[in-house]
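Inspection log for the structure reproduced underneath, given as structure tokens.
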Amino acid sequence: MTGIAIVGGGLGGLTLARVLHTRGIASTVYELDASPTARDQGGTLDLHEESGLRALAEAGLTAQFRAVAREEGEALRILDRDGVVHFEETAEESGGTRPEVDRGALKRILVESLPAGVVRWGTKVTAVSAGRLTLGTGEIVEADLVVGADGAWSKVRPLLSATVPGYSGLSFVEANLSDVDERHPAAAALVGPGSMFALAGGKGLIAQRNGGGRIRVYAAVENEDPDAVADLVDRARLLDVFAGFDAGLRALIEESDGVLVPRPIHALPAGHRWVRAPGVTLLGDAAHVMSPFAGEGANLAMLDATELGLALATHDDVESALTAYETALFPRAGEAARESEDNLEICFRPDAPRALVERMLAHH
């Protein structure tokens with residue numbers, strides 16, 4: 001099988017290229033970023049046995065992953081606005097089945113697993129049609145299959161669906177602290193080795209311990225206008241929003257390094273699907289972008305990529321492979337999207353963090 005064009009060099013697109021490569025199937029990834037490190041790659045991810053870890057196993061990269069994974073990152077704390085801990089779980093208590101890894105480290109493993117030239121960095125796709133890409137240089141690429149792995153605002157999705165992501169009603173403001181054990185020991189102790197949620201009605205501070213002595217913080221605020229979050233990149237304004245929170249929690253914002261980054265949270269409707277069209281399909285956020293409150297975004301992208309790669313390797317023709325892939329994709333993604341919507345709602349109820357704590361206790 002030849003002529004597989006993958007639009008987007010994120011975790012999903014790279015995983016697909018790797019799975020295909022291990023099965024002797026050539027593909028080309030077209031990625032706008034000039035290099036794998038051209039921009040910040042995001043925070044930490046917990047990979048799940050049935051999805052992200054399975055994808056790495058099928059890609060033959062489990063050992064490389066284990067070398068950079070942070071098992072201790074599975075730890076979780078849930079606090080209220082006063083800094084009182086209502087739920088705490090160590091990595092050992094969680095079962096050790098969802099190791100954390102920095103997104104950048106995971107991307108590096110995938111990139112290094114591919115032959116030179118498989119990823120065409122710094123390549124802009126300006127137009128897409130079934131079986132054809134137009135690049136920013138004017139080059140036309142013909143392909144037997146075009147895969148949209150190009151994220152929430154996919155250029156490939158309109159070939160299959162007119163649906164676009166809608167605003168969830170929640171926005172993040174992202175902040176970062178570096179060298180936390182030396183420079184911010186109180187913040188390091190508060191967050192712990194994994195993730196921390198400090199929630200109160202309609203807002204919250206979510207912090208993740210990353211590798212390299214860093215903590216990434218997401219200040220979450222409910223608002224009706226996704227553009228309004230741009231006003232909160234001023235630290236003084238953001239601190240005013242969290243005026244009712246404990247001083248130690250507010251320090252996660254106050255002591256952060258560099259600029260604050262606004263991130264309105266968008267999602268496709270749960271159960272988003274399309275009618276099969278020849279020679280084109282989607283994976284990851286292009287197919288089912290959702291809020292991060294199910295922890296499934298990267299995991300599903302990697303699983304989608306794996307299932308698509310295996311389908312292409314085991315079916316005699318592309319259309320049969322795509323039918324099999326999408327038949328399994330739609331219910332799987334719909335279930336995760338509904339879980340994401342439900343978790344977002346319980347995290348920001350007026351009585352938060354009560355409902356989230358009850359859910360975690362029920363799991364035990």
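The values are calculated or read from the model by the stated rules, or taken from the named source; none is laboratory data. Just so you know, these numbers come straight off a predicted model, no measurement behind them. Reconstructed Cβ throughout: ideal geometry from the backbone, glycine too, with neighbour counts over all protein chains shown. Heads up: the accessible areas ignore ligands, DNA and RNA and are worked out on the full protein's heavy atoms, side chains in. Shrake-Rupley method; radii C 1.70, N 1.55, O 1.52, S 1.80 Å.
Overview of results
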item: The stretch 80-173 - Rg (one decimal) and Dmax (whole number), Cα, Å; result: 20.6, 59
item: Kirkwood Rh, Cα atoms: Rg over Rh of the stretch 28-71; result: 1.03
item: Computed [θ] at 222 nm, deg cm²/dmol, the chain (DSSP H ≥ 4; -39,500 (n - 2.57); rounded to nearest 500); result: -10500 deg cm²/dmol
item: Portion, in percent, of the accessible area of the stretch 1-66 that falls on carbon or sulfur, probe 1.4 Å; result: 51
item: Relative contact order (percent, whole number), the stretch 259-349, Cα cutoff 8 Å, 6+ residue spacing; result: 37
item: Potential extension, Arg108-Trp153 segment - 0.36 nm per residue separation minus Cα distance; result: 13.8 nm
item: Percent of C-alpha pairs per 5 Å bin, the stretch 154-291, short to long; result: 2, 9, 18, 17, 15, 12, 10, 8, 5, 3, 1, 0
item: Leading residue at positive end of dipole, the chain (Cβ point charges), from Leu310, Leu205, Leu238; result: Leu310
item: With 5 Å bins from 0: P(r) over the stretch 1-92, alpha-carbon pairs, percent; result: 2, 10, 15, 17, 17, 13, 8, 7, 5, 2, 1, 0
item: 5 angstrom amide H check on Leu282, placed H, neighbours 5+ away; result: Gly148
item: Mean Cβ neighbour count within 10 Å, used as a protection proxy, ranking 204-212, 160-168, 352-360 highest first; result: 204-212, 352-360, 160-168
item: Solvent exposure of the stretch 139-294 as accessible area per residue, Å², 1.4 Å probe; result: 39
item: Reported label for calculated mean projected area of the Cα convex hull in nm² given (i) 16.1; (ii) 20.0; (iii) 17.4; result: (iii)
item: The stretch 12-157: equivalent-ellipsoid semi-axes (sqrt of 5 x gyration tensor eigenvalues, Cα, Å); result: 35, 18, 13
item: Extended-chain gain in nm, criterion 0.36 nm per residue less alpha-carbon gap, Thr126 and Ala230; result: 34.6 nm
item: Kirkwood hydrodynamic radius of the stretch 226-364, from inverse mean 1/r over distinct Cα pairs, in Å; result: 18.1
item: Nearest-20 debye value, the chain charge dipole, Cβ charges on Lys, Arg, Asp, Glu; result: 760
item: His363 - accessible surface, heavy atoms, 1.4 Å probe, Å² rounded to 10; result: 140
item: Förster-model FRET efficiency, 35 Å R0, Leu32 and Val259, C-beta, rounded to 0.05; result: 0.95
item: Estimated FRET transfer efficiency when R0 is 25 angstrom, pair Glu92-Arg66 (beta carbons, to 0.05); result: 0.90
item: Carbon and sulfur %, accessible surface of the stretch 218-364 computed with the full protein complex present, 1.4 Å; result: 52
